[in-house]
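What follows is a short report on a single structure.
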Amino acid sequence: MPTNLPPEYFRAEQAFREAESSAAKISALEEMMSTIPKHKGTDKLRAELRRKISKLREDQKKKKSSSKYESEYHIEKEGAGRAVLIGFENVGKSSIIAALTHATPKISEAPFTTWQPIPGMMEIEDIHVQLVDTPALSKEHSQPELFDLIRSADLILIVVDIQANSFQQLEDSLGLLNQHKIIPKQWKGKVNDERRIEFIPVLVIVNKDDDEMFDEDFEVFKELSETELPLVPISTANKRNFNKLKNKIFECLEIIRIYSKPPGKDPDLTKPFILKKGDTVEELAGKVHHDFIYNLKTARVWGKNVFDGQMVGRDHVLYDRDIVELHL
Ligand SMILES: Nc1nc2c(ncn2[C@@H]2O[C@H](COP(=O)(O)OP(=O)(O)OP(=O)(O)O)[C@@H](O)[C@H]2O)c(=O)[nH]1
Ligand SMILES: [Mg+2]
């Protein structure tokens, strides 16, 4: 690997590694190409990138010709995490996606309006989280594919309607997840037999909390449900508590945003690296470039639990919004 590659190259390379769709991969590779200085030392690398791009283009063509057989439940992951909205008919899942993303699902007072999943990207400060709308849960009939999609989530958002039987809706939604061996991560350690169980964090969205009158109903719901799951009351109709919801989603995803800073330069505060809560400098180094894991000597950190610019080792735990300068 040539040593004089600019930081933008590594940024694009990270985007390449995180990209799931061929289109996103190609665009990241093209970005990498455009940042490589053109000279003899980089000939090999540029040739390799060209090869990868043309291979992906071919794959894309092949896929297009057979894509009519692909399930609508197969959705590419994008952004800092995936939150799948589930719930019974008419609770307002599609309304939430329409309010918080650019997606345009059909919304109607008729039940079972949504019949296929629809993704949208939601902005939370400087990151994007993928929200996925789904067809209503049904006790009699539910597609196994829906539960495969739910299993792919980093966070499950169970939506209930405070103006309907919200308590029962929550119980039944959890019951259906349970039947498919999906259990809230918050309950880990409390389940008798943990074999083949998928533990995924759950956040309960209590929708249609349109005004103070329904706030009282929400308080009753909270007491009745006695759940240790996090709850957030919102009204999609009256745009109530959207920020609270976004903050809760961020919290439940258990991710942190880290800004990298080249030595002697200002940090790039526009595009954070996304890590898991509890991750260390070493995990950040791996995200910036896989070679950095081996070459990393020390790091300087600005942020939580350190004084400004403190030198730390590779096992130093990072916190949300820390700024890190990696030294190789
Ligand atoms: N009063 C009130 N009505 C809402 C709110 N959010 C959604 N609705 C209404 O509830 C009805 C159902 O909304 P949808 O978003 O289609 O519900 P859904 O959960 O996607 O329904 P299905 O696709 O059938 O499962 C529509 O008439 C919405 O206008 C809200 O916050 N308050
Ligand atoms: Mg819907």
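For segment 46-134, list the strands (runs of 3 or more DSSP E) that sit wholly inside it and hold at least 1 residues that are free of Cβ contacts under 8 Å to residues at least 40 places away in the same chain and within 16 Å of ligand 1 (Cβ to nearest atom); which are they?
118-124
Given the conditions (1) within 19 Å of Lys246 (Cα to Cα); (2) assigned to a strand (DSSP E or B), which single one is not true for Ala153?
Among (1) within 19 Å of Lys246 (Cα to Cα); (2) assigned to a strand (DSSP E or B), the lone unmet condition for Ala153 is (2).
Can you name every one of the strands (runs of 3 or more DSSP E) wholly within segment 205-320 that holds 2 or more residues which are closer than 25 Å to Glu123 by Cα?
Passing ranges, in order: 231-233, 255-260, 273-276.
Every residue in segment 76-112 that is more than 13 Å from ligand 2 (Cβ to nearest atom) and of a type in the set (Lys, Arg), please.
Once the filter is applied, which keeps residues that are more than 13 Å from ligand 2 (Cβ to nearest atom) and of a type in the set (Lys, Arg), segment 76-112 yields Lys77, Arg82.
For Ser142, only one of the following conditions fails: (1) touching a helix residue (DSSP H, G or I) at 6+ places or on another chain (Cβ under 7 Å); (2) hydroxyl-bearing (Ser, Thr, Tyr); (3) away from ligand 2 (no atom under 16 Å from the Cβ). What is its number?
Single failed check for Ser142: (3).
Among the residues in segment 207-222, are any closer than 20 Å to Leu100 by Cα and of a type outside the set (D, E, K, R)?
Yes, there is a match, as at least one residue in segment 207-222 is closer than 20 Å to Leu100 by Cα and of a type outside the set (D, E, K, R).
Filter segment 188-204 down to the residues that are open to solvent by less than 60 Å² (accessible area, probe 1.4 Å) and in a strand (DSSP E or B), then identify the one that is nearest to ligand 1 (Cβ to nearest atom).
Per the stated criteria, the residue is Val204.
Within segment 279-297, count every residue that is open to solvent by less than 50 Å² (accessible area, probe 1.4 Å), more than 20 Å from Phe16 (Cβ to Cβ) and not hydrophobic (A, V, I, L, M, F, W, C).
Of the residues in that region, 2 qualify.
Just to be sure, is Ser225 hydroxyl-bearing (Ser, Thr, Tyr), more than 15 Å from ligand 1 (Cβ to nearest atom) and over 24 Å from the mean Cα position of the chain (by Cα)?
yes
Please tell me if Lys185 is open to solvent by 40 Å² or more (accessible area, probe 1.4 Å), in contact (Cβ under 8 Å) with a residue 60 or more places away in the chain and within 17 Å of the chain's Cα centre (by Cα).
Judged against the criteria, Lys185 is not a match.
Can you spot a residue in segment 100-112 that is open to solvent by 30 Å² or more (accessible area, probe 1.4 Å), on the phi < 0 side of the Ramachandran plot, at pLDDT below 95 and touching a Pro at 6+ places or on another chain (Cβ under 9 Å)?
no
Could you look through segment 49-98, keep only residues that are among the aromatic types (Phe, Trp, Tyr) and over 13 Å from Ile118 (Cβ atoms), and pick out the one that is modelled with the lowest pLDDT?
If we take residues in segment 49-98 being among the aromatic types (Phe, Trp, Tyr) and over 13 Å from Ile118 (Cβ atoms), then Tyr69 is modelled with the lowest pLDDT.
Do the conditions hold for Lys261, that is, is it among the basic types (Lys, Arg), at pLDDT 95 or above and out of contact with any helix residue (DSSP H, G or I) (no Cβ under 6 Å at 6 or more places or on another chain)? Lay out the reasoning, then the answer.
Details: among the basic types (Lys, Arg): yes; at pLDDT 95 or above: no; out of contact with any helix residue (DSSP H, G or I) (no Cβ under 6 Å at 6 or more places or on another chain): yes.
No: the conditions fail for Lys261.
Considering only segment 113-133, state which residues are at pLDDT 95 or above, acidic (Asp, Glu) and either more than 10 Å from ligand 2 (Cβ to nearest atom) or at positive phi (or both).
Result: Glu123, single match.
The values are calculated or read from the model by the stated rules, or taken from the named source; none is laboratory data. Owing to the predicted nature of the structure, the values given are computational and were not obtained by experimental measurement. Because the Cβ atoms are built from the backbone with ideal geometry, glycine has one as well, and the counts that use them run over all protein chains shown. Keep in mind that these areas ignore ligands, DNA and RNA; they rest on the heavy atoms of the full protein, side chains included. Shrake-Rupley method; radii C 1.70, N 1.55, O 1.52, S 1.80 Å.
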